[in-house]
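Working notes for the structure below.
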Amino acid sequence: MVSLTALWLPIVLSAVIVFFVSAAVWMAMPHHRKDFATVDDEDSVMDALRPHLSAPGMYYFPFAEGAEMRTEAYKEKVRKGPVAIVKVRSADSTLNMGPAMMKSLMLYLVVGIFIAYLASRTLPIGTDYMTVFQVTGTAAFLAYGFIGFQESIWFALPGSVAFKHALDGLVYALLTAGVFGWLWPA
């Protein structure tokens, strides 16, 4: 069994690599450019929503709970539309991406720790590169590759966007697996 502390370098290095590749994917690669759409007459829509959606959060409308969801009044609101999930961010979080970038790096470190934990409990010292690659790559893909599908199923994220997230996740998983395979203790 490999100690978790013996895997600190692949944990950190894989997180840093995924962080920079993720940034490059979102800034330079063209496949996410059409993930978001604009609304017609954006200024009037923003003016209409501003008094009602002033606090950051996730809003769903028309909203109902429990038995209210089965009422004809609610069903009519849904039929009339629009049915929407609106995610409101603070201006600060949009204008200053530093905190979100730091949280991303922390997420990649946590994912790396869990991958290292799983690998350290299932792979002995001296395991060959390809076996380490397979185990850590599978674990990394489970963490990175399925991130969008739950959002797609329940919260209207377009399926095409979820598949693009999965493709990105595959790249991150392969990079993570490569680092762990390369730096696995001999």
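The values are calculated or read from the model by the stated rules, or taken from the named source; none is laboratory data. Please read all numbers here as calculations on a predicted model, not as lab measurements. Cβ placement follows ideal geometry from the backbone for every residue including glycine, while neighbour counts extend to all protein chains displayed.
For the reader, a short list of remarks on this structure follows.
- Where Tyr60 falls short, out of the listed (1) over 22 Å from Asp92 (Cα atoms); (2) in contact with a strand residue (DSSP E or B) (Cβ under 7 Å, 6 or more places away or on another chain); (3) surrounded by 14 or more Cβ atoms within 10 Å (Cβ to Cβ): (3)
- Contact map, region 91-119: first residue at pLDDT 95 or above, second residue in a helix (DSSP H, G or I) and of a type in the set (Phe, Trp, Tyr), Cβ cut-off under 6 Å, separation 6 or more or different chains; pairs are Leu105/Phe19; Tyr108/Phe19.
- Residues of region 141-157 satisfying the condition of being assigned to a helix (DSSP H, G or I) and touching a residue at least 40 places away in the same chain (Cβ under 8 Å): Tyr144, Phe155
- Flag for Ser14 being at pLDDT below 95, hydroxyl-bearing (Ser, Thr, Tyr), in a helix (DSSP H, G or I) and surrounded by 10 or more Cβ atoms within 10 Å (Cβ to Cβ): no
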